[in-house]
Amino acid sequence: MEDKEKEMFVYEYAVLRYVPRVEREEFVNVGLLMMCKRLKWIKAEISLDRAKLGVFDCAHTPEEIGHQFDGFLRVAAGDASGGPMAELPVEERFRWLSAVKSACLATSRPHPGLTSDPDATFRRLFSELVR
């Protein structure tokens with residue numbers, strides 16, 4: 001019996017960051033955004049670690065930070081409550097969400113990769129980069 005190679009898909013990801021004080025250019029990795037255009041697949045998740053946030057002179061409470069990221073997550077998920085951007089195709093939502101900004105919610109530059117299982121790759125990257 002011959003093993004079939006799994007089909008590989010190009011994906012892109014960006015690390016979601018909280019920037020406590022934009023002028024200091026410090027940040028805390030708090031989540032992950034990942035997209036596979038070919039599969040029309042996108043996923044975003046955050047995890048706010050109070051201990052990590054406590055090291056910085058944060059201008060916001062963890063609840064305020066979480067509330068702001070809720071809107072980000074709604075757009076990524078295509079939830080209508082995320083507004084008009086949530087209605088865009090996955091690749092356009094990814095581009096909009098991962099665009100460079102000077103704000104307390106930011107992302108890394110997008111990075112590409114290949115995967116046969118986007119969900120498993122997302123879990124691995126989330127574990128390595130956020131937790």
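Being in a strand (DSSP E or B) and open to solvent by less than 50 Å² (accessible area, probe 1.4 Å): is that true of Leu53 here? No.
Restricting segment 49-104 to residues that are hydroxyl-bearing (Ser, Thr, Tyr) and over 15 Å from the mean Cα position of the chain (by Cα), the residue that is nearest to Leu32 (Cα to Cα) is Ser102. Can you name every residue in segment 83-127 that is exposed (fewer than 12 other Cβ atoms within 10 Å of the Cβ) and in a strand (DSSP E or B)? Selection gives Pro112, Leu114.
Among residues belonging to segment 7-50 that are over 30 Å from Asp117 (Cα atoms) and touching a residue at least 60 places away in the same chain (Cβ under 8 Å), point out the one that is surrounded by the most Cβ atoms within 10 Å (Cβ to Cβ).
Here the residue is Val19.
Taking the criterion of being touching a Pro at 6+ places or on another chain (Cβ under 9 Å), closer than 14 Å to Ser127 by Cα and in a loop (DSSP other than H, G, I, E, B), the only residue of segment 10-48 that qualifies is Leu48.
The values are calculated or read from the model by the stated rules, or taken from the named source; none is laboratory data. This one's a predicted model, so the numbers in the text were calculated from it and none came from an experiment. All Cβ positions, even for glycine, are placed from backbone atoms using ideal geometry, and neighbour counts span all protein chains on display. Each accessible area value is taken on the protein alone, full model and side chains, heavy atoms only, with ligands, DNA and RNA left out. Shrake-Rupley method; radii C 1.70, N 1.55, O 1.52, S 1.80 Å.
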